[in-house]
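Computed from the coordinates by the stated procedures, all read-outs in this text should not be read as laboratory data. Worth saying up front: this structure is predicted, and the values here are computed from it rather than measured. Here the Cβ is made from the backbone with ideal geometry for all residues, glycine too, and neighbour counts use every protein chain on show.
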Amino acid sequence: MRALLVVNPKATSTNHRTRDVLMRALGAAMDLTVEETGYRGHAAMIAGTAHAKGFDAVAVLGGDGTINEAANGLLRGQPSAPASERPTLIVIPGGSANVFARALGLPNNPVEATGAALEALRDGRRRTIGLGEAVWDHDVSHGDAGAVPPAGPHGSRYFTFCAGLGYDAEVVRAVEGLRSAGCKATPALYVKTAINHYFLTDRRRPAMVLERPRQAPQSRIFIAIVSNTAPWTFAGSHPINPTPWAGFETGLDLLALRKMRLSTVVSLVRQIIGERSGLPTGRHLVQAHDEEEFTLSASRPIAFQLDGDYLGERERVLFRSIPDALQVLV
């Protein structure tokens, strides 16, 4: 097997020595070419050329952002190809949360995940998964092959595990600002930021409307979480599961909140942290499961994130499920 290893040298949970060990282990099992990312969007550009260069697989050593870029590159490099004809994705977690890798059932440790990938390669184990796609302003053009479109007025982007509009995206934006100032991305940082930001956000003006085919619109939404799998994220070792029925083999799930009162938020948080399998309940929740397509629109620009990557503010985003999009070595 010819494999391209895309390495984010700034990955949170790896160092130079660990990366060397992983490269040697992968290189002993496959014909390996290594490329390091140097800027935002670089992983997408690299992965987008993998098929044309004859690679059978693209391995990614990095966090959820780097994996998201690589997945976008693989799909945009062959936009009309079935999953079986695209290079297989090999995920080696190197970030702080590694939600996608953990949702696939991979170890959170990069060395152990490499061992699991090599076992899957030896046994020929592959899994075909669906992705989500977000299209803002309903412009479905994809631009140059392999490139992740910029977060400008128009565009689209695939996501592997989640997207969000509203409060959760505002927290992502705030954490990205803290990280750029030198803070380390830890569960404690996210929790502290979420608590602090709750008291700063506007909890009186719900801005969003949910529109689904053949259903009446639902309005007065403050926060919307869109999931392609479960869990939505992790707080350390604890899964956070607002949409526990979501999965890579189904359509998209949604949880939206129509009230931001402290009692409502606390009740929801208590229900979604841990290994609970049931749906959260509450009269201020809006929920959807296995949806092919829906739109969230807003009366004012709303913070927007995909796979934990802040993408600016949007007033209208179409979400749709892309079944059988990628093959993953697991």
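Data overview
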{"item": "For GLU293, GLU170, order by how many other beta-carbon atoms lie within 10 Å, fewest first", "result": "GLU293, GLU170"}
{"item": "Computed Kirkwood radius, in angstrom, where 1/r is averaged over Cα pairs of the range 2-130", "result": "14.3"}
{"item": "Per-residue Cβ neighbour rank within 10 angstrom, fewest leading, TYR310, TYR39, TYR167, TYR198", "result": "TYR39, TYR198, TYR310, TYR167"}
{"item": "Cα-based helix-to-principal-axis angle, 262-272 vs the chain, degrees rounded to 10", "result": "40"}
{"item": "Electrostatic dipole magnitude of the range 185-330 [Cβ: Lys, Arg +1; Asp, Glu -1; Cα centre; debye, to 20]", "result": "1000"}
{"item": "Normalised contact order of the range 2-130, rounded percent, pairs of Cα under 8 Å and 6 or more residues apart", "result": "27"}
{"item": "Dipole moment magnitude, nearest 20 debye, the range 1-59 about Cα centre, only Lys, Arg, Asp, Glu C-beta charged", "result": "160"}
{"item": "Distance (nanometres) between label positions extended 7 Å along Cα→Cβ at TRP245 and ASP324", "result": "2.4"}
{"item": "Alpha carbon centroid spacing (whole Å) that separates the range 85-111 from the range 9-25", "result": "14"}
{"item": "Residue order, fewest to most beta carbons within 10 Å, for TRP136, TRP232", "result": "TRP136, TRP232"}
{"item": "Rg over Rh, two decimals, the range 193-280 (C-alpha only, Kirkwood Rh)", "result": "0.98"}
{"item": "Span from the the range 164-190 Cα centroid across to the the range 223-265 one, whole angstrom", "result": "17"}
{"item": "Percent antiparallel among DSSP beta bridges (both partners in the chain, rounded to 5)", "result": "75"}
{"item": "Efficiency of FRET from Cβ geometry, ARG214 and CYS183, R₀ 35 Å, rounded to 0.05", "result": "0.15"}
{"item": "GNM flexibility winner over the chain from ARG157, ARG314, ARG261 (Cα, springs under 10 Å)", "result": "ARG261"}
{"item": "Surface/4 of the Cα convex hull for the range 14-64, nm²", "result": "4.0"}
{"item": "Degrees separating the helix 64-77 axis from the principal Cα axis of the chain, which is the longest one", "result": "70"}
{"item": "Packing-based ranking, highest mean first, of 120-131, 298-309 given that Cβ atoms within 10 Å are counted", "result": "298-309, 120-131"}
{"item": "Cα-based helix-to-principal-axis angle, 16-29 vs the chain, degrees rounded to 10", "result": "60"}
{"item": "Förster radius 35 Å - calculated FRET efficiency between VAL21 and ASN196, Cβ distance, rounded to 0.05", "result": "0.35"}
{"item": "Net charge dipole size for the chain [Lys, Arg +1 and Asp, Glu -1 on Cβ; Debye, nearest 20]", "result": "1060"}
{"item": "Calculated on alpha-carbon atoms, Rg and Dmax of the chain in Å", "result": "19.1, 58"}
{"item": "Cα pair distances in the range 134-329, grouped into 5 Å bins until the bin that holds the longest one, percent each", "result": "1, 7, 15, 21, 22, 18, 10, 4, 1, 0"}
